[in-house]
Amino acid sequence: MKKILLISFEYPTGKSYCGGVGQIVGQSRNALLDLDYETYVLISSGFARKDPVKLLFPDDSIKSYPNLGSFLRDYGWSNFGYIIHHFVNWTKELKKIAAQKRKKPKIVYHFHSILRREKESGFRTLNHFLCNQEKMIELADRIVCPSSYEYDNFIRYFPSFIDKVVVIENTIETFSADRKRIEKIRARHKIKKNNIVSLYVGRLERIKGAHILLKEAPRILRKHRHLKLFFVGRSLEKDLYKRLLRLCARFPGQFFYKKFLDKSELFQYYYLSDIYINSSLSESFSLSTHESALCNNALLLNRLPVLGKFKDAALFFDAGSGDFSEKYDVLISNRRLRKRLSNGASVIANKFINNNKFKDNLNKLLTGLAVENKN
């Protein structure tokens, strides 16, 4: 049965926050529709049976349900041939499906980071999220890793499930430069020819390293009056948000905050930017780093293993050593270095896109599951 249900806590359905999970759900949906799968997306932020849900249909229409039960009355789980589950949500419901002896949908768990690894690294991970992820790993027929780096972590933490796991490296959606829109952005923020534009894209929280940049920003902005620094992303930590607002007030012509930008608009900011900062302390893939590299940004990256593909084409800092500010200074001041690094990063990003087989690998995964069903 070529009828698929994707499950996610976020999806890009309008002018609201959508992080990496929602974007990959969107990419998955597009790929599956291209492959002639009848693809639905079930969206909920709560994941208790009483919480409201939305269902996105293959024709892009959306229907709202007051709770999960009302959705199941219209569409039972067994109406789908496959259920692809993103992040952590209805584990109890899917456990019931897995326990059925009659014909049932195949369950795929597409994870985006290993929560046990993040918990052990000292980040705030709710215990029930951690527990639910491990339940999903146990009950899924197949598990999808977003990168080779996370695959290595997976087999270290969950060696007994190695026969169920596959790597389908994330992909990115691209948009062309629109010179008229870029000029409007320049005019709106009074970006002059001699200005250096720098961009941070990510949630405003410590796991994304936002505190590192916010701490160093006042000194950097005072030193480099021609610098324009943009923060793009939803705020999740109140103390960091207050610090950000103080910076906006203190440096009104240099420091700018955008809670949300439509993806095509965000790409115009990438194109006019000179330096992209990824100060994150934990990444499984980093969509924004690939996107900014594609748009010829010089990259300033925390030294994370998953970003090793940009070796020799980015400037790296060690978050614990205090050299972030020094490396940022170097990039702002050295135009020739920025040019060399941005060209190198662009080559790597373009090669990644040209070699990416996200759609083919999804198709291979589902075809294999269909064969198992027949047997």
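The values are calculated or read from the model by the stated rules, or taken from the named source; none is laboratory data. All of these numbers come straight from a predicted model, not from anything done at the bench. So basically every Cβ, Gly included, is an ideal-geometry build from the backbone, and we count neighbours across all protein chains shown. Calculation scope for accessible area: heavy atoms of the full protein, side chains included, ligands and nucleic acids excluded. Shrake-Rupley method; radii C 1.70, N 1.55, O 1.52, S 1.80 Å.
Restricting attention to the chain, close to 15% of DSSP beta bridges with both partner residues there are antiparallel. Candidate cross-link partners of residue 2 among the lysines, defined by an alpha-carbon separation under 16 Å and a same-chain spacing of 8 or more, comprise 103, 104, 106, 359, 364, 374.
For the stretch 253-338, the Stokes-Einstein estimate of translational diffusion at 37 °C and a viscosity of 0.692 mPa s comes to 240 µm²/s, using the Kirkwood hydrodynamic radius over alpha-carbon pairs. Take the Cα radius of gyration of the chain and divide it by 2.2 N^0.38 Å, N being the number of residues; the result is 1.03.
For the stretch 205-321, the relative contact order works out to 25 percent when only alpha carbon pairs closer than 8 Å and six or more residues apart are counted. Counting only the Cα atoms, the stretch 196-258 fills a convex hull of 68 Å³ per residue. Per the Kirkwood formula applied to alpha carbons, the stretch 99-215 shows a radius of gyration over Rh ratio, Rg over Rh, of 1.14.
I'd like the trypsin sites (Lys or Arg not before Pro) in the stretch 252-285 restricted to DSSP loop residues with at most 16 other Cβ atoms within 10 Å, sorted by number. Answer in residue order: 259.
If R0 equals 51 Å, the separation of the Cβ atoms of residue 181 and residue 96 corresponds to a calculated FRET efficiency of about 0.55. Cross-link reach is defined here as a Cα-Cα straight distance under 15 Å, omitting same-chain residues fewer than 8 places apart; for residue 164 the aspartates and glutamates meeting it are 134, 138, 141, 150, 152, 372. D by Stokes-Einstein for the stretch 1-137, Kirkwood Rh over Cα pairs, 20 °C, 1.002 mPa s: 138 µm²/s. Be a star and scan the stretch 227-262 for residues whose amide nitrogen sits under 18 Å from the point 7 Å along the Cα-to-Cβ vector of residue 337. Answer for the stretch 227-262: 227-228. The stretch 17-82 has equivalent-ellipsoid semi-axes of 20, 16, 10 Å, by the square roots of 5 times the alpha carbon gyration tensor eigenvalues, sorted largest first.
On a 0 to 90 degree scale, rounded to 10, what angle separates helix 358-374 from the longest Cα axis of the chain? So the inclination is approximately 10 degrees.
Estimated from helical segments only, the mean residue ellipticity of the chain at 222 nm is -13500 deg cm²/dmol, where each DSSP H run of four or more residues counts as -39500 (n - 2.57). For the pair residue 124 and residue 155, a Förster radius of 25 Å applied to the C-beta separation gives a FRET efficiency near 0.45, rounded to the nearest 0.05.
Pairs of C-alpha atoms in the stretch 319-360 farther apart than 15 Å represent 60 percent of all such pairs. What the stretch 1-146 shows is 45 Å² of accessible area per residue, with the surface traced by a 1.4 Å probe over protein heavy atoms. Annotation note: trypsin sites (Lys or Arg not before Pro) in the stretch 75-174 located in DSSP loop regions with a Cβ neighbour count of at most 13 within 10 Å are 101, 102, 103, 124. At q = 0.10, 0.12 Å⁻¹, work out log10 I(q)/I(0) for the stretch 158-279 with the Debye formula, treating every Cα as an identical point scatterer and leaving solvent out; two decimals please. Each listed q corresponds, in turn, to -0.38, -0.51. Mean sequence separation of contacting Cα pairs (under 8 Å, at least six apart), scaled by the length of the stretch 92-218, corresponds to a relative contact order of 19 percent. Convex hull volume of the C-alpha atoms in the stretch 100-148, normalised per residue: 82 Å³.
Based on protein heavy atoms only, the stretch 299-375 ends up with 55 Å² per residue of surface accessible to a 1.4 Å probe.
Over the Cα atoms of the stretch 49-129, Rg to Rh with Kirkwood Rh, two decimal places? Rounded to two decimals, Rg/Rh equals 1.03. For trypsin sites (Lys or Arg not before Pro), the sites in the stretch 167-257 that DSSP calls loop and that have at most 11 other Cβ atoms within 10 Å are 190, 192, 193, 225. Carbon-plus-sulfur accessible fraction, the chain (probe radius 1.4 Å, protein heavy atoms only): 49%. For the pair residue 370 and residue 116, label points projected 7 Å from Cα toward Cβ lie 3.4 nm apart.
Once backbone amide H atoms are built at 1.01 Å from N, residue 167 has 145 as its partners under 5 Å, excluding neighbours fewer than 5 places away on the same chain.
In units of the rule-of-thumb radius 2.2 N^0.38 Å, the stretch 284-375 shows an alpha carbon radius of gyration of 1.47.
Taking all Cα pairs closer than 8 Å and separated by 6 or more residues, the relative contact order of the chain comes to 13 percent.
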